[in-house]
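The values are calculated or read from the model by the stated rules, or taken from the named source; none is laboratory data. Being a predicted model, the structure only gives us computed values, none of them experimental. Cβ placement follows ideal geometry from the backbone for every residue including glycine, while neighbour counts extend to all protein chains displayed. Side chains included, ligands, DNA and RNA excluded: accessible areas come from the protein's heavy atoms. Shrake-Rupley method; radii C 1.70, N 1.55, O 1.52, S 1.80 Å.
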Amino acid sequence: QTFFSGKESLIILFLGSLILVLSFDFLKFLSFYIKFNNLESKLIFFLILLIAYATIFHNSIEFEKFNSALIWGSYVILILIYFYIIPKLLIEFPKIFTTFLNIVSNFGFVFSFVGLVMFFANIHPLAEYSYVMLSLINHPNNTSMVITITLIPTLYLLIGKWHIFTSIGKSFYIFSFLIQLVGQLFTYTRAGMIASSVGLMIFFIFYYRGKSLYMIPFVILFIPLLGLAFFQ
């Protein structure tokens, strides 16, 4: 934050442009067309339209400054990289996909573990946020965003790779998931709690199908006993 505050968009534009140049395929570009034959593509396109509509018609001030133009440019590059280039790479090379998930998951574990140690050891670099877990970031909302991203890949690895994990591996991913979940609660960020809850619910519904109905009593117990206390 000290070194890069306000310069994030410039860094994204530089590194992102480099990635786009290195991954550019001229022949495919000549025959480029957009596919909307699956639900994920339709949802992503719909979300992009919503963001554009909300910004243009309800927050047009975002286009009045040069720095805002840089930020929007970085958004475009990030969307191309994270919704096209990286997914394409991960689909073509399944081993890289697993490695990618492990990197995300393990970073979430370290991030949350360090944050919780700092929180319970009363190490608060920013006094104004001494009541929440910050970890390596200077605002609880941003801390929560990181855990929102890392929590689901951790659960995916825990359940999807359960049959190949040793007992040590199983114990580690269970511990990692719980640490990240507790870390999310101690950010006291309601948006993050809602996002993680909805993400977990969708994951379990897709994975367990009809069996997910058996989880309803646990959810009914968990929310009033623990969730509401953090949420309030």
Q) Restricting the search to the range 180-232, which residues are charged (D, E, K, R) and modelled with pLDDT of 85 or more? A) ARG190
Q: Name the single residue, out of those in the range 152-194 being of a type in the set (Val, Ile, Thr) and out of contact with any helix residue (DSSP H, G or I) (no Cβ under 9 Å at 6 or more places or on another chain), that is nearest to GLY108 (Cα to Cα).
A: ILE168
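Inside the range 113-166, can you point out the residues that are aliphatic (A, V, I, L, M) and within 12 Å of the chain's Cα centre (by Cα)?
Within the range 113-166, MET145, VAL146, ILE147, ILE149, LEU151, ILE152 qualify.
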Q | Single condition HIS163 does not satisfy, out of (1) open to solvent by 60 Å² or more (accessible area, probe 1.4 Å); (2) closer than 30 Å to ILE48 by Cβ | A | (2)
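For the range 44-155, please list each of the helices (runs of 4 or more DSSP H) lying entirely inside it that holds at least 3 residues being surrounded by 15 or more Cβ atoms within 10 Å (Cβ to Cβ). Before the answer, list the steps.
Numbers: elements: 66-80, 86-92, 94-120.
Result: 66-80, 94-120.
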(Q) When the residues of the range 61-97 are narrowed to those that are polar (S, T, N, Q) and touching a residue at least 12 places away in the same chain (Cβ under 8 Å), which ends up farthest from LEU47 (Cα to Cα)? (A) ASN67
Q: Test PHE119 against the stated conditions and say whether it is over 25 Å from LEU10 (Cβ atoms), among the aromatic types (Phe, Trp, Tyr) and without any contact (Cβ under 8 Å) to a residue 60 or more places away in the chain.
A: no
